[in-house]
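Below is one structure, written out as structure tokens; comments come after it.
The values are calculated or read from the model by the stated rules, or taken from the named source; none is laboratory data. Quantities reported herein were computed from a predicted structural model and do not represent experimental measurements. Using ideal geometry, Cβ is built from the backbone for each residue, glycine included, and neighbour counts are taken over all protein chains shown.
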Amino acid sequence: MILIGYQGIGKSTISSKENGFLNLESGSFWVEGVQADNWYISYSTIAEHLSEQGYSVFTSSHLVVRNQLRNSSQRKIIICPELGLEDFWVSKLEKRYNETQNEKNYKAYMNAKERYAENIQELLDDKDYEKIVISCEIYDLAKLINEFCAYAKCPFCGGEAVMLSRFIGGSFGLGSHDVFYIRCKDCKNKTEEFKDKEEAKIMWSRRV
């Protein structure tokens, strides 16, 4: 799965804390202060290969990257804040820059300050991508992604997925509990069984 993330959504944070998420930094494709004209081709190819291996890969939201990935067979989701969060988001990026004095963060802050509404509207209007739109100032990015993907269509046949459960009884009633799994209604492909519904959702989203 490829996650096209707007600046400041928390790509680096989630990638450092959650298994299965990788943040593919576009800044790594600069060599001695110079970025090749076609950097986005190798960048996007790497993102696709990592996604094929089962990772959830964050990429930049640059138009050239989106255009390069447009025909990819991998699932692609844009994640961005809503238009109404402009003041908060610009302030958030300004604070991040002031704390780090990092050139990359300065560029992100200035870009949002000057073009936030234009950039967000462009992302929202991109019809080739699914969207996760952040609507509040405090959020759990991993939860947003996992909930959005939990009942995604089956990656094998495109069928509808459902949450199912079964009861496991223990000796003399001890250790009895329900287990949960997600299964495709059509091809019957399914996850392993888990005691927690959220674990089943996460594993199904990783299959996409």
Notebook entry, point to check: How many of the residues in the stretch 98-115 are in a helix (DSSP H, G or I) and either more than 23 Å from the chain's Cα centre (by Cα) or more than 22 Å from ILE14 (Cβ to Cβ) (or both)?
Noted result: 9
Note to self: Only one of ARG75, ARG66 is among the basic types (Lys, Arg) and modelled with pLDDT under 90. Can you tell me which?
What the structure shows: ARG75
Next item on the list: Name the single residue, out of those in the stretch 3-16 being out of contact with any Phe, Trp or Tyr (no Cβ under 8 Å at 6 or more places or on another chain) and in contact (Cβ under 8 Å) with a residue 40 or more places away in the chain, that is farthest from GLU118 (Cα to Cα).
Entry: THR13
Margin query: Restricting to the stretch 101-142, give me the number of residues that are under 19 Å from ASN23 (Cα atoms) and exposed (fewer than 12 other Cβ atoms within 10 Å of the Cβ).
Written below: 2
Next item on the list: For LYS107, state whether it is of a type in the set (Lys, Arg) and either modelled with pLDDT under 95 or within 28 Å of GLY158 (Cα to Cα) (or both).
Entry: yes
Margin query: When you scan the stretch 73-94, do you find a residue that is in a helix (DSSP H, G or I), surrounded by fewer than 18 Cβ atoms within 10 Å (Cβ to Cβ) and aromatic (Phe, Trp, Tyr), even just one?
Written below: yes
Check: Which residues, counting only those in the stretch 24-72, are free of Cβ contacts under 8 Å to residues at least 24 places away in the same chain, farther than 17 Å from GLN7 by Cβ and among the hydroxyl-bearing types (Ser, Thr, Tyr)?
Finding: SER42, THR45
Checklist line | Residue count for the stretch 137-163, restricted to those that are in a loop (DSSP other than H, G, I, E, B) and not hydroxyl-bearing (Ser, Thr, Tyr) | finding: 13
Next item on the list: Just give me the residues in the stretch 6-54 being in a loop (DSSP other than H, G, I, E, B) and modelled with pLDDT under 90, in sequence order.
Entry: GLU18, ASN19, GLY20, GLU25, GLU32, GLY33, ALA36, ASP37, ASN38, GLN53, GLY54
Next item on the list: Can you run down the residue pairs with Cβ atoms below 8 Å, 6 or more apart or on separate chains, where the first is in the stretch 87-98 and over 10 Å from GLU137 (Cβ atoms) and assigned by TED's automatic domain parsing to the domain that holds SER12 and the partner is among the aromatic types (Phe, Trp, Tyr) and surrounded by 13 or more Cβ atoms within 10 Å (Cβ to Cβ)?
Entry: VAL90/TYR109; VAL90/TYR116; LEU93/TYR109; GLU94/TYR109; ARG96/TYR109; TYR97/TYR106; TYR97/TYR109
Next item on the list: Being among the aromatic types (Phe, Trp, Tyr) and surrounded by 16 or more Cβ atoms within 10 Å (Cβ to Cβ) is the filter; apply it to the stretch 30-64 and report the residue that is farthest from LYS76 (Cα to Cα).
Entry: TRP39
Checklist line | Condition check for ILE120: in contact with an Asp or Glu (Cβ under 8 Å, 6 or more places away or on another chain) and without any contact (Cβ under 8 Å) to a residue 12 or more places away in the chain | finding: no
Next item on the list: Tell me which residues, restricted to the stretch 66-86, are of a type in the set (A, V, I, L, M, F, W, C), within 16 Å of the chain's Cα centre (by Cα) and under 17 Å from GLU137 (Cα atoms).
Entry: ILE79, CYS80
